Amino acid sequence: MVGAAVLTLLAPLAGCSTLGYYGHLAHGEASLLVHRKPIDEVVADADTDAGLRKRLEEAQAARRFASDRLGLPRNKSYTSYVDLGRPYATWNVFATPEFSVDPLTHCFPFAGCVAYVGFFDKARAEREREDLARQGNDTAIEGSAAYSTLGWFSDPILSSMLRWNDDELDGVIFHELAHQRVYVADDTAFNESFATFVQREGLKQWRESRGLPAAGDDSDARDDAFTALVLDLRERLRRLYARGLDTSAMRAAKAGEIDAFRERFRRLRSTEWKNDAAYDAWMNAPINNARLVPFGLYDRWVPAFQRLFVQAGGDWAVFYGYVRALARLPGKARERRLDAWLAAPTPTAR
């Protein structure tokens, strides 16, 4: 969930490396910084809408819990607020070759390589998407309500984040602060799986601390099922592209796989999901390789981190020590260690 702000701070090595892009990012970042208001002041302002005041008070309680109980950084991140006046913080452009599910990457010092390029302005993102499409790539734009600078600046809560319910908002705060605790350049799956585990376990403990029951599992089960369906399509396409068919045959087979995916979705929606429409908008838009890129980045090794947490006896400091040890390993060694934790039986909680 690393947003385009990282690009503001770190000079790109590849992709969009123009002064115009630098200027766009610098202007977008500066606009956010100058419009931040301390949440304490927003809450105390008699003119603040009661609903906004309640949401921000809840978020600040979760922010304190993150440092007091989850061992996450104690700094000014998510203690200020910005009313963006737009639906998303950034728009991220994804691209793949026409016959590949592997994304075009963009690399930056310290942050490493990521599978998208971000913009504060939708029109600029659309121009980038069109340029990549003219080169023959599959492309997609995804709006991002959240935004992170990995702790380089004190990231605010954004008005775009308030479209989520309290659990989602609080969980994202935990997730983004986890990136500030441990982050490995060039390893998105590690970073996002770790932060997603912290988000889920942190939210569970946050609810328990207030005497609330565990959040319902229905939406999580639905989201997991949809992700599995998308990842299955991606693997089917990967195998198809490896067959080396001629262009016309490849395009026809690709369209056939996507049509079959739509049919599998319709069956799932009408049976197990009982006509739940949560993913209808996603499915009703054109589907290509680029739209599949974000799936699976966030949860590949979540069960491995769950096992590590149990091994740590539920002690966050010990757990972060284990995670930092993994982060110091070379990439392939780290992947083998995480795969071993995936295959291992879950330790008995102490």
Restricted to the range 240-294 and to residues being over 22 Å from D224 (Cβ atoms) and assigned to a loop (DSSP other than H, G, I, E, B), the residue nearest to the chain's Cα centre (by Cα) is N288
Counting only residues in the range 205-225 that are at pLDDT below 95 and assigned to a helix (DSSP H, G or I), the one farthest from the chain's Cα centre (by Cα) is identified as D218
Exactly one of A253, A214, A228, A260 is surrounded by 14 or more Cβ atoms within 10 Å (Cβ to Cβ) and without any contact (Cβ under 8 Å) to a residue 60 or more places away in the chain, and that residue is A253
Of (1) within 30 Å of V318 (Cα to Cα); (2) at pLDDT 95 or above; (3) of a type outside the set (D, E, K, R), V114 fails just (2)
Sole miss for Y320 among (1) more than 23 Å from the chain's Cα centre (by Cα); (2) over 27 Å from I141 (Cβ atoms); (3) among the hydroxyl-bearing types (S, T, Y) is condition (1)
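Residue-wise test of (1) touching a strand residue (DSSP E or B) at 6+ places or on another chain (Cβ under 7 Å); (2) of a type in the set (V, I, T); (3) surrounded by 12 or more Cβ atoms within 10 Å (Cβ to Cβ).
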site: R264; (1), (2), (3): no, no, yes
site: Y279; (1), (2), (3): no, no, yes
site: V293; (1), (2), (3): yes, yes, yes
site: V310; (1), (2), (3): no, yes, yes
site: D339; (1), (2), (3): no, no, yes
Condition first: within 19 Å of C107 (Cα to Cα), assigned by TED's automatic domain parsing to the domain that holds D102 and of a type in the set (S, T, Y). Can you find one or more residues in the range 154-168 that meet it?
no
**Prompt:** Within the range 323-342, is even one residue at pLDDT 95 or above and within 19 Å of A66 (Cα to Cα)?
**Reply:** yes
Among the residues in the range 81-95, are any in contact with a Cys (Cβ under 7 Å, 6 or more places away or on another chain), outside the structural domain of A317 (by TED's automatic domain parsing), under 26 Å from S193 (Cβ atoms) and modelled with pLDDT under 95? no
Among residues of the range 173-192 being of a type in the set (V, I, T) and assigned to a helix (DSSP H, G or I), the residue surrounded by the fewest Cβ atoms within 10 Å (Cβ to Cβ) is T188
Among the residues of the range 278-318, the number that are small (G, A, S) and within 30 Å of F99 (Cα to Cα) is 5
Scanning the range 193-204 for residues that are crowded, with 16+ Cβ neighbours inside 10 Å and of a type outside the set (G, A, S) gives F194, T196, F197, V198, Q199, R200, E201, L203
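The values are calculated or read from the model by the stated rules, or taken from the named source; none is laboratory data. As the structure is a prediction and not an experimental result, all values here were calculated from the model. Positions of Cβ are generated from backbone atoms using ideal geometry, with glycine treated the same way; all protein chains shown enter the neighbour counts.
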